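For reference, the structure is listed below as C-alpha cells.
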Amino acid sequence: MRKLNIAIIGLGNIGSYLFKYLKKNKKIISKKNNCIPNVIYVSAKNRNRNRGFKISNKIWLKNYLDATKNKNVDLIIELIGGAEGPAKKLVFKALKNGKHVVTANKALIAKYGDQLAKIAENNKVNLEFEASVCGGVPIIRSLKEGLIANKINKVYGIFNGTSNYILSSMDKENKSFDDVLFNAKKLGYAESNPSSDLNGDDVSAKLKILSSLCFNSFLNNNIHVEGIKNIDKDDISYAKKLGYKIKLLGYAELIGKHIFQRVHPTLIKESSYVASIDGVLNAVIIDGAPVGQSIIQGEGAGPAATTSALISDISSILRGNVKFPFSISNKERKNLNFKQISERDFSAYFRFNVIDKPGVLSNITHIFSKNNVSIKRLVQDPNKNKGSSSIIIITHPSKDKYLNKIIGTINRRSYVKKKSKLIRIDDE
Ligand SMILES: NC(=O)c1ccc[n+]([C@@H]2O[C@H](COP(=O)([O-])OP(=O)(O)OC[C@H]3O[C@@H](n4cnc5c(N)ncnc54)[C@H](OP(=O)(O)O)[C@@H]3O)[C@@H](O)[C@H]2O)c1
C-alpha cells in the first residue's frame, strides 16, 4: 500500500490527541483511504514537556522548520496556532517547498488564506483547513463536496461554543454574565483569556472563511462585529417575555448584488431551530439552490471533535488529487461587493433605562418617529423604589443607520440612567 509521510508540528491539546488517535487507528484509516498515514516527525516548543506519551528521539524534530526542507515529508500538520509567528512561518515555507498542509488555524487562514491558497495552487499541493471552522462540524467539506451543486445565498449560525454556553446558561440558570463566565472557566468551556470568544473575533474569522467558500470570493474584511459582553440578565429575561432568545450569530448573505457579513447578538424566535441550540454546541445553516436549507450541528471545539475534522482533511490528501483550497481556482475567485450593514434593514429590540417622570416616553417615541422608525411593541416596566423605568421597544424593519442614530440621540438625553441597548432581531 502507498504511504504518505507526515510531520505533526504542535503537540498541545489538539496535536497530542491527533498523534495518539492516528497511531491507534492507523489500520482502519489506511484501509478506508488505500494509503497509510505515516507519522515520521513531530515537534513542539519544549521537548521536556510531559504529554502523557513517549516520543522517540528518532521522530522528534529539534527545529520545527526542518520539516519544510526534509525530502521525506509529504504532509505537514500545523497545530501551533496564531496568525503570525511560528505558525505563519511554517505554513508559508511548507507550501513554498511543495508540501501538503493541514491546519486547524482559523486566525491564519482568515488573515493569509488568499496568499496561502495561491502558493498551494501554483505548487500543486493541498491546503486543507476543515478544523479551523466549528471543530467537528464538517461544514467546509460539505460546501466543497456535498453541496457543490448549489448557489449559496446565505450561511449563518452559532460558530462559538463559549459564548453560546454563556448565553444559554444565563437564560436557563438566571445567572449574571460574570457568574456564568466564572463557571465556564472552571468547566474548561472558556479559556483563561476568553476575549476573542466574547468580543466576536473568533466568529468573525470563521465567518470570513465560510463566506469566501460560499460566494467564491476572496476573503473580505468588511464585516460588522459585536460580541456578547454587553448582554445582561435583564436583556435575556425581557427577550424571553417577548418570545425570543438571544444568541451570538454570524451571518454572510447575498442580498441583490451585495454581500453583508455580520456578527452580533441577535434576538431569535424561541420556536426557531437556532434557538434550540444550547450549551457549547455549534450549528451552521446553509440556504442554497437547489438544495434549500441544510443544517449541520455538532461539537465546535475540543480535541476529539477537532481531530475528527483533521482526519477528514488528512484522508482527503491520502486519497490523492490536488484540490483548490477555496473550492475553485484563485483565477476564478472574485472581489465581490461587500457592503456595510448600515444599509441593511433590521427589526430591533431597544432597552432604555430612564428616570421615571412625565414626558420621557413621549420624547423617546418622538425620536423614533423623527427617524422614520415605526414601533411594533412597547413595554414600560417602572421600578418605583429606584425612581427609574425600563422601556422596551420592538421596531418594524428599518435601516441599521437609523436604528443607531436613535440610540446615539437618546443616550445624550439627561433622563437616561444607563447606556441604552440595541439588539437586532432575526424574524425569519
Ligand atoms: N483547542 C481547541 O478546542 C481547538 C479547536 C479548533 C481549532 N483549534 C486550533 O488548533 C490549533 C492548536 O490549538 P491547541 O489548543 O492545541 O493549542 P495549544 O494547546 O496551545 O498547543 C500549541 C502547541 O504549539 C507548540 N508551539 C508553540 N510555539 C511553538 C514554536 N515556536 N515552535 C514549535 N512549536 C510551538 C506548543 O509547544 P509546547 O507544547 O512545547 O508548549 C504546543 O504544543 C490552534 O490554531 C487553534 O486555534 C483548537
Taking the chain as the reference, fit the longest principal axis to its C-alpha atoms, fit the long axis of helix 106-122 to the helix C-alpha atoms, and give the angle between the two in degrees, 0 to 90, nearest 10.
-> 40 degrees
Put a dot 7 Å past each Cα toward the Cβ at SER374 and ASN38; how far apart are the dots in nm?
-> 7.1 nm
Between segment 262-278 and segment 353-428, the alpha-carbon center distance in angstrom = 22 Å
Using unit Cβ charges (K, R positive; D, E negative) and no other charged atoms, how large, in debye to the nearest 20, is the dipole of segment 2-132 about its Cα centre?
-> 680 debye
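State, as an integer percentage, the relative contact order of the chain based on alpha-carbon contacts under 8 Å between residues 6 or more apart.
16 percent
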18 Å cut-off, amide nitrogen to a point 7 angstrom out along HIS366 Cα→Cβ, residues in segment 399-415 = 406-415
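Pick out, in residue order, every one of the trypsin sites (Lys or Arg not before Pro) in segment 110-201 that is DSSP loop and has at most 16 other C-beta atoms within 10 Å; say none if there are none. All intermediate terms of the calculation are to be shown ahead of the outcome.
Values: sites: LYS111, LYS118, LYS124, ARG141, LYS144, LYS151, LYS154, LYS172, LYS175, LYS185, LYS186; in loops: LYS124, LYS175.
Here the sparse-neighbourhood loop sites are LYS124.
If r is the Cβ-Cβ distance from ASN153 to ALA83 and R0 is 30 Å, what FRET efficiency results, to the nearest 0.05? Mind dumping the intermediate values first?
Details: r = 29 Å, r/R0 = 0.98.
Calculated value: 0.55.
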Figure the gain on full extension for ASN404 and ASN321 (residue separation times 0.36 nm, minus the Cα-Cα span) and round it to one decimal in nm.
-> 24.9 nm
Farthest positive-ward along the chain dipole, Cα basis, beta-carbon charges - from ILE59, SER43, TYR415 | ILE59
To the nearest 20 debye, the chain has a Cα-centred charge dipole, built from +1 on Lys and Arg Cβ and -1 on Asp and Glu Cβ, of 1200 debye
By the C-alpha gyration tensor axes a ≥ b ≥ c (rounded if a/c is under 1.5, else prolate when a/b exceeds b/c, else oblate), the shape of segment 230-337 is oblate
Among the trypsin sites (Lys or Arg not before Pro) in segment 361-401, which ones are in a DSSP loop with at most 16 other Cβ atoms within 10 Å of the Cβ? Mind listing them?
-> LYS384, LYS386
Taking the Cα centre of the chain as the origin and placing charges on Cβ (Lys, Arg +1; Asp, Glu -1), which of ILE277, ILE166, ALA305 is farthest toward the positive end of the dipole?
-> ALA305
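What FRET efficiency comes out for ILE328 versus LYS269 if R0 is 35 angstrom and r is the Cβ-Cβ distance? Round to the nearest 0.05.
Values: r = 36 Å, r/R0 = 1.02.
Efficiency, rounded to the nearest 0.05: 0.45.
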Among rounded, prolate and oblate, which fits the chain when a ≥ b ≥ c are the square roots of the eigenvalues of its C-alpha gyration tensor, a/c under 1.5 means rounded, and a/b larger than b/c means prolate?
-> prolate
Under 1.5 on a/c is rounded, so check that first for segment 1-100, then, if it is not, pick prolate when a/b is larger than b/c and oblate when it is not; a ≥ b ≥ c are the square roots of the alpha carbon gyration tensor eigenvalues.
-> oblate
Show which lysines lie in cross-link reach of LYS185 when reach means a straight Cα distance below 17 angstrom and same-chain residues fewer than eight apart are skipped.
-> LYS175, LYS229
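Compute the length gained on full extension between ASN63 and ASN230: take 0.36 nm times their separation in residues and subtract their Cα-Cα distance, giving the result in nm to one decimal.
Details: separation 167, 0.36 × 167 = 60.12 nm, distance 4.42 nm.
The span from ASN63 to ASN230 would gain 55.7 nm if fully extended.
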Can you tell me the FRET efficiency between SER276 and LYS23 if r is taken as the Cβ-Cβ distance and R0 is 45 Å, rounded to the nearest 0.05?
-> 0.75
What trypsin sites (Lys or Arg not before Pro) does segment 202-305 have in DSSP loop regions with at most 13 other beta carbons within 10 Å?
-> LYS257
Within segment 363-381, backbone nitrogen closer than 14 Å to the virtual label 7 Å beyond the Cα of LYS418 toward Cβ | 381
Highest mean packing first, using Cβ neighbours within 10 angstrom, the peptides 282-293, 99-110 sort as 99-110, 282-293
Express in whole angstrom the spacing between the alpha-carbon centres of segment 107-121 and segment 296-328.
-> 16 Å
Taking the dipole of the chain about the Cα centre (Lys, Arg +1; Asp, Glu -1; charges at Cβ), the one of TYR238, PHE346, ILE209 that reaches farthest to the positive side is ILE209
Take the cross-link list LYS89/LYS154; LYS31/LYS331; LYS32/LYS111; LYS32/LYS144; LYS45/LYS118; LYS26/LYS111 and give me the ones stretching past 31 Å between alpha-carbons.
-> LYS89/LYS154; LYS31/LYS331; LYS32/LYS111; LYS26/LYS111
In degrees rounded to 10, the 0-90 angle between helix 303-318 Cα long axis and the longest Cα principal axis of the chain is 50 degrees
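Read the figures in this text as sums done on the coordinates, not as results from a lab. These numbers come from a predicted model, not from an experiment. Using ideal geometry, Cβ is built from the backbone for each residue, glycine included, and neighbour counts are taken over all protein chains shown.
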